[in-house]
Amino acid sequence: MRLSHLARTGVIAAAVALTATLAACGEQASLGSSGSAPSVAQGATFEAGTTMAKLQSAGTIRVGTKFDQPLFGLKGLDGNPVGFDVEIAKIVAAKLGIPADKITYTETPSKIREDVITNDQVDMVVATYTINDARKQKISFAGPYYVAGQDLMVKADNTTITGPDSLKTAKARVCSVSGSTPAKTIEKYVDAGNIVLFDVYSKCADALRNGQVEAVTTDNVILSGLVDSSQGAFKLVGKTFTKEPYGIGIKKGDTKFCEFIDTALKDSVTDGSYAAAWTGSAGKVQGAVPALPPADPCS
Ligand code: GLU
């Protein structure tokens with residue numbers, strides 16, 4: 001009698017667990033699994049003349065992002081990039097009523113990010129883009145939606161480079177990207193003659209592989225993506241020495257669009273699409289979903 005009661009309880013518990021699992025799966029599916037598409041807002045209304053109203057009636061949005069950064073923005077075989085930045089762009093687009101397949105992507109290497117905004121080639125830039133005052137002279141930022149930190153990547157068997165202070169002693173040549181914050185910061189640690197700059201980080205990874213440089217420097221999460229796709233050739237030093245808050249670059253002074261994006265980001269935490277965006281991209285290597293950082297004031 002006692003046994004059968006326990007057995008029955010077990011069956012009920014299993015059934016409850018199964019229902020919960022199915023419910024969780026259903027929720028996951030509606031958020032989208034890989035390349036997740038957050039649910040598109042239907043019938044949202046925006047004040048006439050705002051960027052939101054303009055984009056909603058156009059039914060499309062132009063996004064600048066990276067095409068060679070695994071986990072954040074990496075161009076796939078279908079021509080569209082995938083990664084956390086791309087997922088963030090999809091979240092903003094969805095809140096405007098624009099589905100993922102109506103986003104057009106432009107590759108925006110670090111150095112041209114402000115230009116594509118000021119020249120009106122894109123509506124927003126989501127591209128591992130650190131918020132800072134120099135950039136704010138030309139554009140505005142919504143967010144941040146993530147905070148990274150500058151780090152170093154070396155060959156897996158390197159034991160001499162242990163942090164930025166070891167670079168001079170190791171006589172290391174260090175690669176980074178023109179127009180990036182890490183390229184500027186590393187000047188404090190390395191003689192100018194030993195800094196090698198390319199336009200994109202994949203070229204730095206090639207230079208490291210070929211022995212043309214001994215280290216690559218940029219944000220830890222970008223380097224993690226490169227380490228992950230290096231088949232054991234590279235490792236992360238793992239000592240971040242800056243804070244890089246990632247913002248969404250928009251036209252300077254478009255405060256209403258900035259506030260709209262900040263609300264979209266906050267809502268994405270509540271509706272689970274921020275977590276799904278992370279888990280389906282950077283989270284595969286970085287692990288746990290980060291907390292959304294508090295938004296900077298829009299200006
Ligand atoms: N977050 C840094 C920056 O915006 C480095 C990454 C990048 O170059 O995209 O400059």
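The values are calculated or read from the model by the stated rules, or taken from the named source; none is laboratory data. Since this is a predicted model, take the numbers as computed values, not measurements. Cβ atoms come from the backbone with ideal geometry, glycine included; neighbour counts cover every protein chain shown. Heads up: the accessible areas ignore ligands, DNA and RNA and are worked out on the full protein's heavy atoms, side chains in. Shrake-Rupley method; radii C 1.70, N 1.55, O 1.52, S 1.80 Å.
Quick notes on this one:
- Criterion: of a type in the set (Phe, Trp, Tyr), more than 12 Å from the ligand (Cβ to nearest atom) and either open to solvent by less than 20 Å² (accessible area, probe 1.4 Å) or in a helix (DSSP H, G or I) (or both) - qualifying residue of Tyr145, Tyr105: Tyr145
- As a summary of the residue check, Val126 satisfies the conditions (1) open to solvent by less than 40 Å² (accessible area, probe 1.4 Å); (2) within 15 Å of the ligand (Cβ to nearest atom); (3) over 14 Å from the mean Cα position of the chain (by Cα) except for the one numbered (3).
- For region 179-199, a residue qualifies if it is more than 9 Å from the ligand (Cβ to nearest atom) and within 18 Å of Lys66 (Cβ to Cβ), and the qualifying residues are Leu197, Phe198, Asp199.
- Residue within region 153-170 that is among the small types (Gly, Ala, Ser) and within 15 Å of the ligand (Cβ to nearest atom) present: no
- Test: Asp262 is surrounded by 17 or more Cβ atoms within 10 Å (Cβ to Cβ), of a type in the set (Asp, Glu), touching a Gly at 6+ places or on another chain (Cβ under 9 Å) and within 19 Å of Lys95 (Cβ to Cβ): yes
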